[in-house]
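Report on the structure given below.
What follows draws every value from the coordinates through simple rules; no lab data is involved. Predicted model, so just to flag it, every value in this text is computed and none were measured. Counting neighbours? That spans all protein chains shown, and the Cβs are built from the backbone with ideal geometry, glycine included.
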Amino acid sequence: MSLVLFAVFFLTLAAGLPVAICMGVAGMVAVLVDGRFPALVVPQHLFNGISSFPLMAVPFFVLAADLMTACGLTASLMRFANNLVGHIRGGLGHVNVLVSMLFAGVSGSALADAAGPGAIEMSMMEKAGYDKAYAGALSATTATIGPIIPPSILMVVYAISDARVTVAGLFLAGVVPGVLLGAALSATNHWVSAKHGYLFRASRPSLGELGRSFLGAVPALGLPFIIMAGILAGIFTPTEAAAVAVAYSLFLGLLVTRNLRWSQLFDVLAQSSTTSAAVLLIVSMASIFSWLLTLLQVPQSIASGISAFTNSPAVVMVLVALVVFICGMVIDTLPALIILVPVLGPLVDKFHLDPLYFAMTVVLNLTIGLVTPPVGPVLFVISTVGGIRYEKLVRAVLPLLMAEVAVLVLVIAFPPISTTLPRLLGFTR
Amino acid sequence: MGGDSHPRALGRLDATLVGVNRFCVGVMLGVMFVLVFANVVTRYCLGFSIAAAEEISTFLMIWITYLGAGLALREGKLASIDAIQDRLPSWLLKTLRSLLGLISMVFFGLLVFYGIRFVSLGWSQETFALMIPRGIPYLVLPAGAMLFVLHFVLFFGRWTRRDWERPQAQQDTGFTQGEGP
């Protein structure tokens, strides 16, 4: 049965069937071929897999982000970032990094972030005179910051698939690694810009202009603050916080900035619901897939296989990092996460690892895997969207990738980077 | 068999289907938001929350997922790995994508079949809060799978060409207006 499951999954995946459908088809075929279970388990798992109140944070975060963009709040955020760092060396590159950090892509798909905001940032940099391949490479790598910095759909789904961690704990664990990632990319951008002479200085904005653009960005900057404060203070559950974020964006768009018209509202709702459907379909289909993995005792055999090989937690973490990295190189973050968490989870108990530290390593690994050649799905998206030759893009991405891997090594080598903040605020289990 | 060679009536049917479908999932998301937000407000202001609202909104999310899947397909939002496809000559690409399309339709067809049995099984049980037959929320599986197949049939030609639908112009970020260096 496991042979059928994996053969169908990897064949259809390589052939380019959408990941969600691959998991469903593989699950269905495995159940039918095996014959021990009625095929009724398939619809049952598809339904129950997403029958979850916490999961509702996903569509609400998507809606809040779409509303922010429709209200022009995203634009004011970009304007502020540009006024803040646009005039220094490699300025637009830093803007690219900063915007990815501030507006940490809530879509939960690094692929979607690369195709959407990433493509916009790329064309901005190209217009300003940056080398196209470098602009694309930077946009690809900054798309990986989103899932690390809260609020992050990836973390919500992680916490749903692993009872050892909470959403609040994961959100906090991601703050320092996310900032480190941003700093590392900025530093690399500075170095590359110096080497290639990317000067294109915009005139330094006057203090008044900077202040005005800051005021314009305050409402947008307030959003993650409200979400985090509400969750950390125990006022809201993550789902409620996400609903409050929607209400906040609606309030701003309809009453404060007044950029959102009622007629537009419907388009935004329809757009957000199809985006959410795409994300949730993966979660739904993955539930039949991961149920079969558990049934086949794949997680247990991997855990015991590794423990037969070593009993050092450090070696285990390196092994995990390698496995996850390879997965990230071929599959988008969310499906990879849903498949890997139940499979690798038992290792946390077996080797007494900190679950938050483990989670951060897995998430960071996956997202970096997405921009790692030779496969690197995000690189393919950027090369398609931007019309950049893949080989050129790969060459441009290498220094940025080195910086990200350096951060990853730091996070793996020093657990306190991810665990200190949640521990200080009391969000560990 | 491409979308551009559709007879006009079929094209109209196609557009109507997409419009109605978008309207339905959009309204569902709106209702879902109102229910959850109302629960937050009543909990903190009045000290109670409505269990039925929680249940309805969870069901709505599942309905959005399966009724919105076909739209996500049309807009190219269903993530896939195209590394191999990108390297194929166009005739082979079309053949492969036609095959993948058929596989998807068979899978969702099976889902309609087993989904109906799932609904009839759930008809005798009740949900926790609303006390309605579980088969009612379960209906979305056969209905959504059928809708997905319908979208797939109408979209098949464009699916083989990866010619995705763009429901509206890309949101203007406003950034390019005189801000660039």
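Where does each of B:CYS24, A:CYS71, A:CYS327 land when they are ranked from fewest to most other beta-carbon atoms within 10 angstrom? Show your work: numbers first, answer last.
Working: B:CYS24 18, A:CYS71 25, A:CYS327 21.
So the residues, fewest neighbours to most, are B:CYS24, A:CYS327, A:CYS71.
To the nearest 10 degrees, how steeply does helix A:313-330 sit against the main Cα axis of chain A, on a 0 to 90 scale?
70 degrees
Connecting C-alpha atoms closer than 10 Å in a GNM of chain B, tell me which of B:TYR138, B:TYR44, B:TYR114 has the biggest fluctuation.
Result: B:TYR44 has the largest fluctuation of those listed.
Please compute the average number of Cβ atoms from other chains found within 10 Å of each residue's Cβ in peptide B:67-75.
Numbers: counts 3, 11, 10, 2, 7, 11, 7, 1, 4.
For this peptide, the per-residue mean of nearby foreign Cβ atoms is 6.
Name the most mobile residue of A:ASP332, A:ASP349, A:ASP162, meaning the one with the largest mean-square fluctuation, in a Gaussian network model of chain A with Cα contacts below 10 Å.
A:ASP349
To test your reading of the geometry: what angle, between 0 and 90 degrees and rounded to tens, separates the Cα axis of helix A:167-196 from the longest principal axis of chain A?
Once rounded, one gets 50 degrees.
Expected output is a single nm value to one decimal: the length gained when fully extending between A:HIS190 and A:ARG36, i.e. 0.36 nm times separation in residues minus the C-alpha distance. What is it? Spell out each step's value before the answer.
Values: separation 154, 0.36 × 154 = 55.44 nm, distance 5.96 nm.
Contour length minus the Cα-Cα distance gives 49.5 nm.
Among A:ILE148, A:SER193, A:LEU296, which residue has its Cα positioned farthest towards the positive end of the charge dipole of chain A, with +1 placed on the Cβ of Lys and Arg, -1 on the Cβ of Asp and Glu, and the dipole taken about the Cα centre?
Value computed over the given set: A:SER193.
Which lysines, on any chain, are close to B:LYS77 with Cα under 27 Å apart, when same-chain ones fewer than 8 places away are left out?
List returned: A:LYS132, A:LYS392, B:LYS94.
Could you tell me how many cubic angstrom of Cα convex hull volume the range A:215-322 has per residue? Spell out each step's value before the answer.
Working: hull volume 20.4 nm³, N = 108.
Hull volume over Cα atoms, normalised by residue count, gives 189 Å³.
Inside 10 Å of the C-beta atoms of A:40-52, what's the mean count of C-beta atoms belonging to other chains? Spell out each step's value before the answer.
Values: counts 5, 2, 7, 16, 6, 0, 11, 12, 1, 1, 6, 6, 3.
Mean number of neighbouring Cβ atoms from other chains: 6.
Work out from phi, with θ = phi - 60° and the Karplus expression 6.51 cos²θ - 1.76 cosθ + 1.60, the ³J(HN,Hα) of each residue of the range B:128-139, listed in order in whole Hz, and give x for Gly and Pro.
Whole-Hz 3J(HN,Hα) from phi for the range B:128-139: 5, 8, 7, 6, 9, x, 4, x, 5, x, 5, 3.
Which order results if A:HIS352, A:HIS87 are arranged by neighbouring Cβ count within 10 Å, fewest first?
Values: A:HIS352 7, A:HIS87 16.
Lowest to highest Cβ neighbour count: A:HIS352, A:HIS87.
Gaussian network model of chain A, Cα springs within a sub-10 Å range: biggest mean-square fluctuation belongs to which of A:PHE266, A:PHE47, A:PHE61?
Fluctuation is largest for A:PHE266.
Compute the acute angle (0 to 90°) between the alpha-carbon long axis of helix A:2-15 and the principal axis of greatest extent of the alpha-carbon atoms of chain A; round to the nearest 10°.
30 degrees
Sorted from largest to smallest, which semi-axis lengths in Å does the alpha carbon gyration tensor of the range A:136-250 give for its equivalent ellipsoid, taking the root of 5 times each eigenvalue? Present the calculation step by step, with values, prior to reporting the outcome.
Numbers: eigenvalues 201, 91, 22 Å².
Each semi-axis is the square root of five times an eigenvalue, giving 32, 21, 10 Å.
Over the range A:244-375, calculate the relative contact order: mean separation of alpha carbon pairs under 8 Å at least 6 apart, over the residue count, as a percent.
On the way: 90 pairs, mean separation 36.1, N = 132.
The value is 27 percent.
Per-residue Cβ counts within 10 Å, from other chains only, averaged over A:75-83: what number is that? Mind showing how you got there, number by number?
Working: counts 8, 3, 2, 5, 5, 0, 1, 4, 1.
Average neighbour count from other chains, rounded to a whole number: 3.
List the aspartates and glutamates whose alpha-carbon lies under 19 Å from that of A:LYS127, not counting same-chain residues fewer than 8 positions away?
Straight-distance partners of A:LYS127: B:ASP172, B:GLU179.
Within 10 Å of each residue's Cβ, count the other Cβ atoms and sort A:PHE427, B:PHE23 from fewest upward. List each step's numbers first, then the result.
Details: A:PHE427 20, B:PHE23 13.
Going from least to most buried by this count: B:PHE23, A:PHE427.
Suppose every K and R has +1 on its Cβ and every D and E has -1 on its Cβ; what is the size of the dipole of the range B:1-112 about the Cα centre, in Debye to the nearest 20?
Numbers: 9 positive and 7 negative charges, 52 e Å.
Dipole about the Cα centre, nearest 20: 260 debye.
On alpha-carbon atoms, Rg over Rh for chain A using Kirkwood Rh?
Working: Rg = 21.5 Å, Rh = 22.2 Å.
Ratio of gyration radius to Kirkwood radius: 0.97.
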